[in-house]
Amino acid sequence: DCILKIIQVHLGFNTRSISQEIRVQPPDDGDSRFRWLGGAYYESFNLGSNQGLEFGPDAVTLGLAPFAGVDRAQFDIDTETYALFGQASYDITEALTLTAGLRYEITHSVLDNFDQAFTPTGGNPIPTLVLNDIGEQSSELIPRFAAEYRFNPNMLLYGSISRSYRPAVANAGTLN
């Protein structure tokens, strides 16, 4: 009965997310060729992590680690996103509708309480990296244009052009 203890992975994550969107638009009277809507969006996201690699005595014997012990990292990332948006559609004909929209988004992200340490088996933790208040902020104006053509009530051709956007956020994955 031979069990090798080489490397064991420890992963622990906690997340919390809250989002809310508010839209305003006039009632649809069925006769209007012009339609619009506007709104605001908010999101708060928190990621807490405690993860590590445990190197067993066999990892040292095989040359995979210089010492037996646990290499651990923990951190918190808080991200908040705010956005304002609007969209207007106009029926050019009974079959053809054109739509234009615009969204302005701001994202703020902070990496906090980043603590990385190596604890040798039977020893005390040796801090290798400690960081606090590492932030990223980005904002973007995101346009959208669309056209739809209704051949009949059951067939629709639709095309949309919009700008893609991925906000800059704090990322602990590049640190450990």
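Quick look at the values:
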read-out	value
Net +/- balance of residues flanking GLN8 in space, Cβ distance below 15 Å, scoring K and R +1, D and E -1	-1
For the stretch 85-160 and the stretch 1-57, distance of Cα centres in Å	12 Å
Charge context of PHE118, other residues only, Cβ under 15 angstrom, K/R +1, D/E -1	-2
Sites ASP112 and TYR158, calculated FRET efficiency, Cβ-Cβ separation with R0 30 Å, nearest 0.05	0.10
Calculated diffusion of the stretch 41-109, Stokes-Einstein form, Kirkwood radius summed over Cα pairs, 25 °C and 0.890 mPa s, µm²/s	142 µm²/s
Under 12 Å, Cβ to Cβ, from ARG150 - net charge with Lys/Arg +1 and Asp/Glu -1	-3
Geometric extent, Cα atoms of the chain - Rg, Dmax (angstrom)	26.1, 81
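A short reminder: the numbers here are calculations on the coordinates, not readings from a lab. None of the values given here were measured: they were computed from a predicted structure. Methodologically, a virtual Cβ is constructed for each residue, glycine included, from the backbone with ideal geometry; neighbour enumeration extends over all protein chains shown.
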